[in-house]
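Each reported figure results from applying straightforward, stated rules to the coordinates on display, with no laboratory input. Predicted, not measured: the structure shown is a model, and the values here were computed from it. Virtual Cβ from ideal backbone geometry, glycine too; neighbours counted across all protein chains shown.
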Amino acid sequence: MKAVTIIGGGLSGLCLGIGLRQHRVPVRILEAGTYPRHKVCGEFLSGKGREVLATLGIEPRLTGAREALDVTFSLGASSTAVRALPSPALCVSRWKMDATLAEMFSELGGELITSKRASTEVGEGIVRATGRRPQAEEGGWRLFGLKAHARGVTLGAGLEMHFTPRGYVGLCAVEDNRVNICGLFRSREAVPALARDWRGWLSGEPGSALHARLAAARWDDASFSSVAALGLAPRRALLSDDMSIGDAVTMIPPVTGNGMSMACESAAAAIEPLAAWSAGASSWSEARMTLSRRIDNEFASRLRTAAILQRAIVHPAARWLLFQSVKLIPAFQGILFQKTR
Ligand SMILES: Cc1cc2nc3c(=O)[nH]c(=O)nc-3n(C[C@H](O)[C@H](O)[C@H](O)COP(=O)(O)OP(=O)(O)OC[C@H]3O[C@@H](n4cnc5c(N)ncnc54)[C@H](O)[C@@H]3O)c2cc1C
């Protein structure tokens, strides 16, 4: 069988590596970093990706992971009622998740090379799972993400989403009595002092529900991470000439809490075409076209809804209207969840 090389050992690359090893395909993953490691992520996995983790036998190994059953939204000091999520979400730190997947991949006989930043050349047998494609600005705004874990925070729901004038912050409990606090923000100017000021960004304005919630937080400074140059414009897989999965294809706005699911789903969609190529039953371009069509068909509609949602959230009047709709119309939040999955 021909070997597959995956560039990037994040969620999508590791899920694909595990799935291919379960089909006995020789696989090598090149990962720039090491495990375990903290990563900017809301750590709230919701949608069909949970089924992928179950099918690949991953979910039982994520010991200590929590389930989020309900959600509340806040704007300033005002919060919605706590309402059930359409389906439970899995909350687990990327520290635990990525290290567990890496261990499983190696146990299955995969070759994992860490601390290796590979060239991202495209070519037969190479899959890009390198995460977001950096974009300095979007419409004159710089988008960046911050995350840290804290103890001493008691949540009012499995997921708390707080909208702020600078972006939004999601809170959910993960393993080991920690709460993950993760935000997406935007700024017209570069923000040079983030390494010093990140607590202020994540804690919201004084007087807000977010600020009150985090008043007693005991931050784990070592868990702080940040990412900049985010681009959220949807992209189609068919327009790319490489074989990509996860954020390397396109990134869905984080407010949906569906990016990890898309990483898992696109990895699952790649297993069968790549196994066929490896066995000599199809050409590389056939495998690439099959995967690209699957990804575009599955994700187009949720990416469209998510783009509208993201635009609304960053616009003050639209944000207020959206929040009031979620607050006053109980079914509205469920519809938004369904349409972004
Ligand atoms: C602020 C924020 C909050 C989010 N919150 C959520 C959430 O709550 N729920 C959710 O589902 N999603 C969320 N996401 C999205 C989610 O984190 C991503 O969709 C997911 O991590 C994508 O997985 P991936 O494997 O495609 O990329 P990644 O997980 O980013 O993995 C890419 C890997 O490739 C490696 N790499 C990159 N270049 C190279 C190279 N040249 N050579 C070797 N290795 C390389 C990197 O080191 C990395 O390990 C959030 C994102 C942001 C920014």
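Just how far, in whole angstrom, is segment 175-250 from segment 99-114 if you go by their alpha carbon centroids?
27
Determine ³J(HN,Hα), in whole Hz, for all residues of segment 153-163 in sequence, where each value follows from phi through the Karplus function 6.51 cos²θ - 1.76 cosθ + 1.60 and θ = phi - 60°; x replaces Gly and Pro.
Each residue's phi maps through the Karplus curve to give 10, 9, 8, x, 7, x, 10, 10, 10, 10, 8 Hz.
Sorted by mean Cβ packing within 10 Å, highest first, what order do the peptides 28-37, 245-254, 57-66 take?
Per-residue mean Cβ counts within 10 Å order the peptides as 245-254, 28-37, 57-66.
Over segment 1-77, what is the relative contact order in percent, taking alpha-carbon pairs closer than 8 angstrom and at least six residues apart?
Normalised by residue count, the contact order of segment 1-77 is 26 percent.
Could you list 226, 119 so that the one with the fewest beta carbons within 10 Å of its beta carbon is first and the one with the most is last?
Ranked by crowding around the Cβ, least crowded first: 119, 226.
Please identify the DSSP H helices in the chain that span no less than 30 Å along the helix axis (Cα) and have a mean Kyte-Doolittle hydropathy of -0.5 or more.
Helices meeting the criterion: 284-313.
Set the Förster distance to 41 Å, then compute FRET efficiency between residue 106 and residue 300 from the Cβ-Cβ distance, nearest 0.05.
Calculated transfer efficiency: 0.70.
With the crude spin-label approximation of a point 7 Å out along Cα→Cβ, what separation in nm comes out for residue 196 versus residue 176?
Reported label-point gap for residue 196 and residue 176 is 2.9 nm.
Per-residue counts of other Cβ atoms within 10 Å, averaged by peptide: what ranking do you get for 290-298, 270-278, highest first?
270-278, 290-298
Taking the chain as a Gaussian network, where each spring joins two C-alpha atoms under 10 Å apart, which residue of 232, 108, 214 fluctuates the most?
Maximum fluctuation in the GNM of the chain, among the listed residues, is at 108.
For the chain, give the share of DSSP beta bridges that are antiparallel, in percent and rounded to the nearest 5; count only bridges with both residues there.
70
How far apart, in nanometres, would the label points at residue 67 and residue 54 be if each is projected 7 angstrom from Cα along the Cα-to-Cβ direction?
Between residue 67 and residue 54, the label points sit 1.0 nm apart.
Below 30 Å Cα-Cα, how many Lys pairs turn up in the chain? Only count pairs eight or more apart in sequence, or on different chains, if you could.
Counting lysine pairs in the chain gives 18.
Can you work out the FRET efficiency for the pair residue 205 and residue 289, with r the C-beta to C-beta distance and R0 = 45 Å, to the nearest 0.05?
E(calc), rounded to 0.05, equals 0.35.
Return the FRET efficiency for the residue pair residue 82, residue 124: r is the Cβ-Cβ distance, R0 is 56 Å, and the value is rounded to the nearest 0.05.
Calculated transfer efficiency: 0.65.
May I ask you to derive the relative contact order of the chain, considering only C-alpha pairs under 8 Å and at least 6 residues apart, and to give it as an integer percent?
It comes to 24 percent, rounded to a whole number.
Using a 7 Å offset from the Cα along the Cα-to-Cβ direction at both residue 229 and residue 32, what is the distance between the two label points in nm, to one decimal?
0.8
For the chain, compute the orientation-averaged projected area of the C-alpha convex hull (one quarter of its surface), in nm².
Seen from a random direction, the Cα hull of the chain projects 15.8 nm² on average.
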